[in-house]
Amino acid sequence: MAKLYDRDYFDKWYRHPLHAVASPAELRRKVAMVVAQAEYYLGRPLRSVLDVGCGEAPWRAHLRALRPRASYRGLDASEYVVARYGRTRNIGLARFGQLEHLRFDERFDLIVCTDVLHYLKPAEIRAGLVGIGEMLEGIAFLEVFTTRDDVAGDKQGFHARAPSWYLHQFNHAGLSPCGSHCYLGPRLMRHIAALEVPGRWGG
C-alpha cells in the first residue's frame, strides 16, 4: 500500500506528542543555524529560499521571522499539502526528481530538503540533485539519515544507505559538505579556503 501524505500523516509525525520527533524550539534553532551558515558564505543577508519536500512548510514561519524580506518557495509531492496550503504558503506540486528539469526565474541562496532523500530511490535522488546543483547560489541543507544513524520517526519506505553513498551523489552534483547537513554550491567554491571543506583536496 502506497504511503499517503495526507492530513493524518502530518498530524501524527509533526504534532502528535507520542510520535513527533522534533519540537518547534528545535526547528527554530535549526533554521537559525542554517540561515547563519548561508549568510556567512554568501557574505550578505539571505534573499531567496527553495524548500523541496516542504510538507506543510514548517520552515517558512521561522525563515520569515528571521528574514522577512527573503522570498520563500516550497515544493511537495503531497496533493493534500498543495490543495490546503499551496496559495497561502507558496507551495507547488512537484516530486524531488522533477528538479532535474524544473527551473525558476532565479537561483536560490538556500535550498532546503529535509527528511526526504532516504525515502527515495537512487534514480530520483540523482535526477533531483542535478537541479539543486544548477539552481543553487549559496548552500543546500540536505538533512538525510544513514546506516550510521539511530533513526526515529517514520520508517515506512526508509532506505538505509551508507554515508559514503550520499556523499558520492552530492559530490557528483557539485555540492561540498561544510558541516551539519549543509553543502556549499559550486558557485561558492572559488571563495572557500581548503580546510573549510575537509577532505576535498586531499593532501
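The values are calculated or read from the model by the stated rules, or taken from the named source; none is laboratory data. The structure presented is a predicted model; accordingly, all values stated were derived computationally and were not measured. The accessibility values were calculated without ligands, DNA or RNA, using every heavy atom of the protein model including side chains. Shrake-Rupley method; radii C 1.70, N 1.55, O 1.52, S 1.80 Å.
Normalising the Debye intensity of the stretch 95-203 to I(0), with uniform scatterers on Cα atoms only, and taking log10 at q = 0.21, 0.23, 0.24 Å⁻¹ returns -1.18, -1.35, -1.43. Taking the three principal axes of the alpha carbon atoms in the stretch 1-66, the coordinate ranges are 46, 23, 17 Å, sorted in descending order. Scaled against 2.2 N^0.38 Å for its residue count N, the alpha carbon radius of gyration of the stretch 73-137 is 1.10. In summary, the chain shows an alpha-carbon radius of gyration equal to 0.99 times the 2.2 N^0.38 Å reference for compact globular proteins.
Partner aspartates and glutamates whose Cα lies under 14 Å from the Cα of K12, excluding those fewer than 8 positions away in the same chain, are identified as E56, D154. Accessible surface of the stretch 102-203, 1.4 Å probe: 53 percent of it comes from carbon and sulfur atoms.
At a probe radius of 1.4 angstrom, the accessible area of the chain per residue rounds to 55 square angstrom. Here the ratio of the Cα radius of gyration of the stretch 33-112 to 2.2 N^0.38 Å is 1.08.
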